[in-house]
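Participant: Okay, handing you the structure first.
The values are calculated or read from the model by the stated rules, or taken from the named source; none is laboratory data. Nothing here was measured: the structure is a model prediction, and the numbers come from that model. Glycine gets a Cβ as well: all are built from the backbone with ideal geometry, and neighbour counts include every protein chain shown. Surface accessibility is based on the protein's heavy atoms, side chains included, excluding ligands, DNA and RNA. Shrake-Rupley method; radii C 1.70, N 1.55, O 1.52, S 1.80 Å.
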Amino acid sequence: MRSGMICAALAYTAWGLFPLYFKQLVGVNAMEVVAHRTVWSLVFVAVVLTVLRRWGWLGPVLRSPRLIGTFALSALLLSVNWLTYVWAVQHGHVVDASLGYFINPLVNVALGFLVLRERLRPGQWFAVSLAAAGVLWLTVSAGQLPWIALVLAVSFGFYGLMRKTAPLGALEGLTLETLLLAPVAAVALAVWTWQGSSALVTGTGSQLGWLLLAGPMTAVPLLLFAAGARRITMTLLGLMQYIAPTLQFALGVWLYHEPLSTARLAGFAFIWAALAVYSLEGLWRSRQPKL
């Protein structure tokens, strides 16, 4: 249990500190950052799988068009999520990005109801309603939908839904996703390099170093998360997931000094209240005797 908590806490802390990393790449186009992240993630996980001698799963997967199609769609959702997040951090929307990951658990609940036909308990209905009220308030007060938060929450929600029903583990799944995305990413990098607009041509040594780190920066937190998830309860894991958006929110407000008006803070208060209801209801439910 203790080692599981440490692994999960390290994973969520790493994800929460991601803005510090992507801020180092402000001068690199977000699409190129995602392309590098894809290619170097594939290189990193390929090395890990080779060291662990865990390539036996790939043959059966490549002979299953349906499974490849499923992971092609999950890879597309992942790339949309990555691109939106990188763009948001680079353009001063770290707080908006944190909102997306605050909303994400409640999006998961809604998708469970709409897609998996799961029955929601009254407390979950109340939490989802509070979150919807928060999004509505943010929309009305700002005059536009909080699209960054919604794209991040919905894309990652559907990604999680697809991975929930897929038969591959975290490491194998990420390998297949990056394997499917890598040809497109490599061609894009080659074209940008040939045109002279790629960071590989115009970037500084520091930028190139940060781009090369994209592989371990992506894979290591995922491996820590997978290790933690196997050792602790889902209830505890669910409570710990708020570490990441809380750190992102703190960085956006106190380090990057992003604006946070009273009206906007009120919208966040709705979301936080929804998460409190959701977490306390789940905690109470987990302690009830099973009949």
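Participant: Looking at (1) open to solvent by 70 Å² or more (accessible area, probe 1.4 Å); (2) free of Cβ contacts under 8 Å to residues at least 40 places away in the same chain; (3) more than 17 Å from W82 (Cα to Cα), which one does F126 not meet, given that it meets all the others?
Facilitator: Condition (2) is where F126 drops out.
Participant: Tell me which helices (runs of 4 or more DSSP H) are completely within the stretch 1-71 and hold 2 or more residues being surrounded by fewer than 19 Cβ atoms within 10 Å (Cβ to Cβ), at pLDDT 95 or above and not aliphatic (A, V, I, L, M), or say none if there are none. Give the derivation first.
Facilitator: Working: elements: 2-16, 18-22, 30-52, 58-62.
Correct list: empty, since no element meets the threshold.
Participant: So how many residues does the stretch 243-291 have that are within 16 Å of P122 (Cβ to Cβ) and in a helix (DSSP H, G or I)?
Facilitator: 12
Participant: While we're looking at this one, here's another question. Would you be able to say whether some residue in the stretch 278-286 is among the basic types (K, R) and either under 27 Å from Y21 (Cβ atoms) or under 21 Å from the mean Cα position of the chain (by Cα) (or both)?
Facilitator: no
Participant: Looking at the stretch 273-291, which of the residues that are of a type outside the set (D, E, K, R) and exposed (fewer than 15 other Cβ atoms within 10 Å of the Cβ) is farthest from A133 (Cα to Cα)?
Facilitator: Applying the filter and picking the extreme gives L291.
Participant: For residues that are open to solvent by 30 Å² or more (accessible area, probe 1.4 Å) and either among the aromatic types (F, W, Y) or without any contact (Cβ under 8 Å) to a residue 12 or more places away in the chain (or both), tally how many sit in the stretch 150-164.
Facilitator: Going through the stretch 150-164 one residue at a time, the tally reaches 3.
Participant: Any idea how many residues of the stretch 210-228 are open to solvent by less than 30 Å² (accessible area, probe 1.4 Å) and either out of contact with any helix residue (DSSP H, G or I) (no Cβ under 6 Å at 6 or more places or on another chain) or more than 16 Å from T38 (Cα to Cα) (or both)? Give the derivation first.
Facilitator: If we filter the stretch 210-228 for residues that are open to solvent by less than 30 Å² (accessible area, probe 1.4 Å), which is where we start, we get 211, 214-215, 218-219, 221, 226-228.
Restricting the remaining residues to those that are either out of contact with any helix residue (DSSP H, G or I) (no Cβ under 6 Å at 6 or more places or on another chain) or more than 16 Å from T38 (Cα to Cα) (or both) gives 226-228.
The qualifying residues number 3.
Participant: I need the full set of residues from the stretch 83-103 which are surrounded by fewer than 21 Cβ atoms within 10 Å (Cβ to Cβ) and not in a loop (DSSP other than H, G, I, E, B), in order please.
Facilitator: Within the stretch 83-103, L83, W87, Q90 qualify.
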